[in-house]
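The structure under discussion appears below in the form of structure tokens.
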Amino acid sequence: MVEVIDHDVVIVGSGLAGLRAAAELLSTNRGEGLSLAVVSKLALMRSHSVAAEGGTAAVLYPEEGDSLELHAWDTIKGSDFLADQDSVWKFVTLCPEEMRQLERWGMPWSRKPDGRIAQRPFGGHSYDRATFAQDKVGFFEMRTLYDKLQEYGGWARYEETFVTSLVIGDGMFTGCTAIDMKHGKFVYLRARACVIATGGAGQLWKFTATSVSTTGDGIGLAYRAGLPVEDMEFMQFHPTGLIPTGILITEGARGEGGHLLNSKGERFMERYAPSKMELSPRDVVSRSIMKEIAEGRGFKDEDSGLSYVSLDLRHLGREKIDSKLPFIKELSMKFVGIDPVEDPIPIKPTAHYTMGGIPVNDSGRVLDENMREVKGLWAAGETACVSIHGANRLGSNSTAECLVYGRLVGRDILAFLSSQAAGSPETVSQDVAKEEARIFDGLMKNEKADEDVYAIKARLKEVMDRSVYVFRERAGLADAVREVRDLKERFKGVRVADGGRLFNYNLQDVLEVGVMLELAEVVAQGALNRTESRGGHSRLDFPQRDDASWLKHTLARRAEGGPQFSFAPVRITMWKPVERKY
Amino acid sequence: MDKITMEVVRSDGNKTRYDLKFRKGMTVLDALIEVREKQDPTLAYRHSCRMGICGSCGMNIQGMPRLACQTQVSSLGKETVRVEPLHGMHVIKDLVVDIDPFLAMHTFVKPYLIRQDLKERDRSDREYRVLSEEVERFLQFDYCIMCALCYSACPTVALDPYYLGPQAIGQAYRYMADPRDEGWEQRVDLLDEAQGVWRCHVAGSCSLVCPKDVDPAKAVQMARMEILKKRVLRKRAKAGSPLVSVAPAAAPKQGTKAPPFDFRREGT
């Protein structure tokens, strides 16, 4: 029998956006009269946000020359004009407060000589506005928020609890089902408000910077509940993923003055973006690297078979590397045995950030296919698509987004709860029993099942790396769609080999891969549909941006036989799209 | 070396052996992933970031608590890699241990900025001014990824489950050393106890196993020193105390460096 647990608010996901929302809910009136649950499939401080390295964008000192207009313009130009401009404006106005709020809660920001918060240059930003704490920004932000939450009692933590479905009836959220791994229980968390903050889907690719846990769970939850997902074909490939695993070498390395070199020792960015060079937006730099490699000016790693170029930090000197980029040094030394003081670091573009996600409005409320609010449901951070990043996110805008929208969502939920009388506990929806049956009778007791989930996952990642990478073209994408559909067929016979209840990671892997396949289909099909090149989506067969046909957001909804696509207009309120040059 | 054997202690206490092909650059985590994906889907271990920053994959490898993701198989120098759950902690399944008691200690030491005026603290329109050298005083202790390796390595924790442990004391000290914090008195009351800083007998194993060079043993010593100083100052403040005329050298000298815990400047 399902255990039913009641709360006012359930936050699913404990990265920056989730913890910031929780901090907002708890720091207002010290959480009096509020029953909050924070749910994560990991322990709360383990989320992928800890891996963010370089900085968080904010206009801290306008009196010195930066401005909100400039931050907004950089973000919109960086997005290749697919961002919704009114949302970008709201976003940039709230970033500075977040930097200072975290500072007041203990964040160890790096400092200017006079004790104010320091900032560094970052790709695509025309002012030094990446606020940083060494090169572990996400980690310190997570620690600050996690520690902050320890100040408050009265909230419940559901760690290592994997949410399997959202229960939505009549356009209203009523609860979510979850597997409590530690106790081996299937539970129904019933609540008046829910925040989905589970991050992106970087694990669809093999060469990826993201944590193993970044499997797009939350985006999948919405998609499987019949809600639309937006702009999923736009995936950001970060230029500097460490060979051979793809883990991240921060853009801050170039912000501090690092160079990209090809096998002839040339700073090749000169050919592609002479004014911004290495500090061009990520889509531009990633394409440049892949062109160098395609034209035979890369290196080849014999062990992994991967081609790469070099990130050279040697001229920065030991002292600067040790004080500003200690984590980069640690990663290079521990994972590939290279000391960046002595040798260049081998890198190539790595799957990094999901620009698309669950469509939300400016308060983070989840929208349905008619752009109406789903009552009681919010999404924030990488999971959500506002859209402030459009077709390409600028570095240091993601951690800022998590903080800004985490807070906005927290505030909006407080307003929502106070405007509503607490309802009496309803009957438990039929959907809960159905979900339990899907997992524990369907998946776990499928006796004819013989497909290996790990073989399916490995194949999916190969397909995505091969055909849905930095450069894309029709034949490859069509192949990818076909292959993903085949894998979906195979998945119907997937075998859960572990019959246990406690920490059944094998079952969790199966549930994750089920979602990954559905999202991969949306990504590949969306990329095939979009016959233009814009931001992170670059088609060799359609190299130009096509505003006449494609200045619009993609929406995909789940249907029998695959995703159904529709489109939504881009809100252009400040600047008309122009050619994007750096 | 072209093949290795992973010898994993399972929930039932038995060892299971898995033979794998060795690849250059293979970490213990890579090997465990390969075991779960190719040989035994029931093997339970935690992992997430693969890059030594999330703190999930602490386990006992070749007799030492380590992070699996940043332990190169080749560095162990043996073809058989022995992997066990972290010692001194309750095993839930295979390599997954219960970290709740460890996390509870962290929460217990009030790991957040304490100010007398909480409303003033929570405002978001201006920052406190802090100098780089003041950040340096606590930054090292802020590197803690809560992996629990130090907790598992500590011989005192093994004997006394009520001892705060190196991680929690390190985190208490991190906030005590922060010039923005005013929670000194409250934390001293938590640490100046038989099962607080005085329980440590300076084995130093916490600092030895820490994967992020936090050096919790140093934090324990620093906290002790500051508590002793504080005791002296408290006693002196009491009228008639025999310590009134004792050891003026213990007081911070004027005109040198700012005293570490008396810093309440604000931004403009």
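For the reader, a short list of remarks on this structure follows.
- Under 5 Å, built H, 5+ apart or other chain: amide partners of B:ALA44: B:LEU95
- For segment B:100-244, radius of gyration divided by Kirkwood radius, i.e. Rg to Rh on alpha-carbons: 1.00
- Positive-pole candidate from A:SER49, A:ALA568, B:PRO65, dipole of the protein assembly as shown, charges at beta carbon: B:PRO65
- Cα-based Kirkwood hydrodynamic radius, segment A:80-173, one decimal, Å: 16.9 Å
- A helix-only calculation puts chain B at -8500 deg cm²/dmol for mean residue ellipticity at 222 nm, using -39500 (n - 2.57) for each DSSP H run of at least four residues, averaged over all residues.
- In order along segment A:31-39, phi translates into HN-Hα couplings of x, 4, x, 10, 9, 10, 10, 10, 10 Hz, rounded to whole numbers, per the Karplus curve 6.51 cos²θ - 1.76 cosθ + 1.60 with θ = phi - 60° and x for Gly and Pro.
- Selected from A:GLY305, A:TYR405, B:GLN140, residue furthest toward positive end of dipole (the protein assembly as shown; charges at beta carbon): B:GLN140
- About its Cα centre, the dipole of the protein assembly as shown is roughly 1460 debye, where the only charges are +1 on Lys and Arg Cβ and -1 on Asp and Glu Cβ.
- Spatially, segment A:272-351 and segment A:556-582 are offset by 32 Å when compared through their Cα centroids.
- Taking the DSSP beta bridges with both ends in chain B, the antiparallel portion is around 80 percent.
- Taking θ as phi - 60° and the Karplus parameters 6.51, -1.76 and 1.60, the scalar couplings of segment A:376-385 work out to x, 10, 10, 9, 8, x, 4, 4, 8, 10 Hz in sequence order, x denoting glycine and proline.
- Electrostatic bookkeeping for A:GLY65 treats Lys and Arg as +1 and Asp and Glu as -1; over the other residues with beta carbon under 13 Å from its beta carbon, the sum is -4.
- Where only DSSP H runs of four or more residues are counted, chain A gives -10500 deg cm²/dmol as its mean residue ellipticity at 222 nm, each run worth -39500 (n - 2.57).
- For chain A, convex hull volume per residue from C-alpha positions, Å³: 147 Å³
- Taking other C-beta atoms within 10 Å as the exposure proxy, A:CYS385, B:CYS54 rank A:CYS385, B:CYS54 from fewest upward.
- Beta bridges by DSSP in segment A:12-171, antiparallel share as percent, to the nearest 5: 50 percent
- With the convex hull drawn around the C-alpha atoms of chain B, the volume per residue stands at 171 Å³.
- Rounded Å value of the spacing that divides the Cα centres of segment B:141-216 and segment A:136-214: 29 Å
- A:TYR61 paired with A:ASP362, simple spin-label distance in nm, labels 7 Å along Cα-to-beta-carbon: 3.0 nm
- Percent of beta bridges antiparallel (DSSP, the protein assembly as shown, rounded to nearest 5): 70 percent
- Electrostatic bookkeeping for B:GLN171 treats Lys and Arg as +1 and Asp and Glu as -1; over the other residues with beta carbon under 14 Å from its beta carbon, the sum is +1.
- Alpha-carbon radius of gyration plus Dmax, which is the widest Cα pair, for segment A:143-225 in Å: 14.8, 41
- Alpha-carbon centroid distance for the pair segment B:27-48 / segment A:445-484, whole angstrom: 22 Å
- Here the Kirkwood formula, the inverse mean of 1/r across different C-alpha pairs, assigns segment B:3-97 a hydrodynamic radius of 13.1 Å.
- The phi torsions of segment B:199-208, fed into the Karplus equation with coefficients 6.51, -1.76 and 1.60 and a -60° offset, translate into couplings of 6, 4, 10, 6, 6, x, 5, 4, 5, 4 Hz, rounded to whole numbers, with Gly and Pro shown as x.
- Only lysine pairs 8 or more places apart, or on different chains, with alpha-carbon atoms under 23 angstrom apart are counted in segment A:1-151, and they number 5.
- Paramagnetic reach from A:GLU3 in segment A:439-455 [backbone N under 17 Å; point 7 Å along Cα→Cβ]: none
- Shape summary: segment A:356-400 maps onto an equivalent ellipsoid whose semi-axes, from the alpha-carbon gyration tensor, are 21, 11, 7 Å in decreasing order.
- Number of partner chain Cβ atoms within 10 Å, mean per residue of B:127-137: 5
- Peptide B:139-149, shielding by other chains (average Cβ, 10 Å cutoff): 4
- Placed amide H near A:GLY175: partners under 5 Å, 5+ positions off or other chain: A:VAL167, A:ALA191
- Free-standing Cys residues across the protein assembly as shown, given no other cysteine C-beta under 4.7 angstrom: A:CYS95, A:CYS176, A:CYS194, A:CYS385, A:CYS402, B:CYS57, B:CYS69, B:CYS144, B:CYS147, B:CYS154, B:CYS200, B:CYS210
- Highest mean packing first, where packing is the average number of other Cβ atoms within 10 Å per residue, the peptides B:174-181, B:159-166, A:444-451 line up as B:174-181, B:159-166, A:444-451.
- Shielding by other protein chains, A:228-238, mean Cβ within 10 Å: 0
Readers should treat all values here as calculations from the given coordinates under stated rules, not as data from a laboratory. These numbers come from a predicted model, not from an experiment. Don't worry about glycine lacking a Cβ; one is built from the backbone with ideal geometry, like all the others, and counts go over all protein chains shown.
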